[in-house]
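Student: The structure is given below, and queries will be raised subsequently.
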């Protein structure tokens with residue numbers, strides 16, 4: 001496929017992303033109206049989170065966008081497109097500099113990676129929910145750090161540059177905490193002694209940054225990991241941890257669905273993957289690529305495995321944003337490698353990729369519809385409250401407040417805080433909600 005054709009596909013998919021997640025159709029959801037007001041008051045460390053870089057971004061947006069949700073969602077799209085450009089660059093660099101893949105093949109794989117990433121649906125939460133952008137912001141900085149690693153220049157100024165960007169990434173979102181260990185693995189696989197020494201040096205500097213972050217987290221929050229983010233580790237619920245890990249791995253590919261449908265889809269996926277692996281004599285001619293990408297995906301899953309994520313909702317899809325970058329880069333590189341190794345797999349693999357893109361686009365469309373509907377509901381409630389208190393000082397009674405829409409959190413937290421932030425003249429004590437309806441809890445009780 002010619003480069004121009006790839007670029008046309010990328011442009012069309014970028015437009016589709018803009019249309020599906022049009023900033024004007026999205027609003028504040030759930031924690032947005034708890035954390036953004038805190039940032040507005042100057043709090044950079046909130047509810048045991050150590051993400052001041054993201055809070056500084058919100059602070060900047062508050063200056064320009066004030067209390068208009070549209071501005072925050074424009075930022076989310078811009079960050080996502082920056083990551084797409086970085087993904088292309090990093091995929092190309094890894095192949096040419098580290099894996100020694102010919103430039104033309106590397107270019108094709110890098111373009112395919114961008115196409116797959118723009119079609120990818122499982123990270124829709126990072127586009128539809130303002131606070132869900134933290135992994136996207138983190139990705140911008142961690143990919144700079146990785147780029148410096150794979151340029152194969154390990155002078156001290158490069159190491160310090162990588163340390164700086166890696167630190168900024170951690171203080172935006174901490175999911176990449178174990179990344180230096182993966183770089184150690186990459187260094188161990190290097191055959192040339194001088195380059196191996198440089199890679200170890202770079203990875204060691206990043207290890208120091210991770211340790212410094214852990215110390216800073218302990219000082220700021222008085223704990224390294226609390227019950228919220230590490231409860232299953234602390235209670236040693238190994239069964240739950242293993243189940244969560246499998247859910248996350250399957251959700252990296254499969255869109256949310258009812259549990260029985262999701263289980264059936266997982267079985268079909270395993271059969272398809274097994275057929276491709278069986279048909280190809282070699283999964284890839286480069287084992288160190290397989291080890292590296294498997295390791296980095298695992299390292300990005302471990303920090304969120306205690307939390308887990310649902311298989312029947314797009315909630316918590318932000319946990320998949322960072323792993324998906326490397327899953328898609330690895331998939332693209334392996335795809336071209338398999339075709340070159342085994343010509344007869346070319347047609348089945350092409351069919352698989354086309355079906356995968358179509359499947360992900362359908363999931364992205366569904367996710368965008370859900371987030372749009374959730375936003376419309378959130379906005380309608382806030383407008384209703386504001387309209388009431390414009391003309392009356394009487395107590396407002398809301399018969400039912402839906403705390404979730406399409407299983408997406410809308411008013412689980414921050415309802416009255418958000419109302420007061422949007423209009424500080426409203427006395428939230430005069431708002432009475434008779435019944436809070438949560439789809440998740442309601443269905444579990446039935």
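The values are calculated or read from the model by the stated rules, or taken from the named source; none is laboratory data. Please read these numbers as outputs of a predicted model, since none were measured by experiment. For neighbour counting, all protein chains shown are included, and Cβ atoms are generated from backbone atoms with ideal geometry for every residue, glycine included.
Student: For the stretch 190-232, how many residues meet the condition of being at pLDDT below 90 and either closer than 28 Å to residue 151 by Cα or crowded, with 16+ Cβ neighbours inside 10 Å (or both)?
Tutor: Counting residues in the stretch 190-232 that are at pLDDT below 90 and either closer than 28 Å to residue 151 by Cα or crowded, with 16+ Cβ neighbours inside 10 Å (or both) gives 10.
Student: Which numbered condition trips up residue 21, out of (1) within 30 Å of residue 109 (Cα to Cα); (2) over 20 Å from the mean Cα position of the chain (by Cα); (3) at pLDDT 90 or above?
Tutor: For residue 21, the exception is condition (2).
Student: Also: Return yes or no: is residue 216 within 22 Å of the chain's Cα centre (by Cα), closer than 19 Å to residue 169 by Cβ and in the same structural domain as residue 289 (by TED's automatic domain parsing)? Step through it out loud before you land on a result.
Tutor: Numbers: within 22 Å of the chain's Cα centre (by Cα): no; closer than 19 Å to residue 169 by Cβ: yes; in the same structural domain as residue 289 (by TED's automatic domain parsing): yes.
Criteria not met by residue 216.
Student: Which residues, taken from the stretch 50-62, are under 18 Å from residue 135 (Cβ atoms) and touching a helix residue (DSSP H, G or I) at 6+ places or on another chain (Cβ under 8 Å)? Write out each step before concluding.
Tutor: Taking the stretch 50-62 and keeping what is under 18 Å from residue 135 (Cβ atoms), we get 50-58, 61.
Correct list: 50, 51, 53, 54, 55, 57, 58, 61.
Student: Quick check, is residue 96 assigned to a helix (DSSP H, G or I) and within 24 Å of the chain's Cα centre (by Cα)?
Tutor: Working: assigned to a helix (DSSP H, G or I): yes; within 24 Å of the chain's Cα centre (by Cα): no.
So residue 96 fails the test.
Residue by residue, here is whether (1) touching a residue at least 12 places away in the same chain (Cβ under 8 Å); (2) under 26 Å from residue 359 (Cβ atoms) holds:
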residue: 16; (1), (2): yes, yes
residue: 34; (1), (2): yes, no
residue: 44; (1), (2): yes, no
residue: 57; (1), (2): yes, no
residue: 72; (1), (2): yes, no
residue: 75; (1), (2): yes, no
residue: 104; (1), (2): no, no
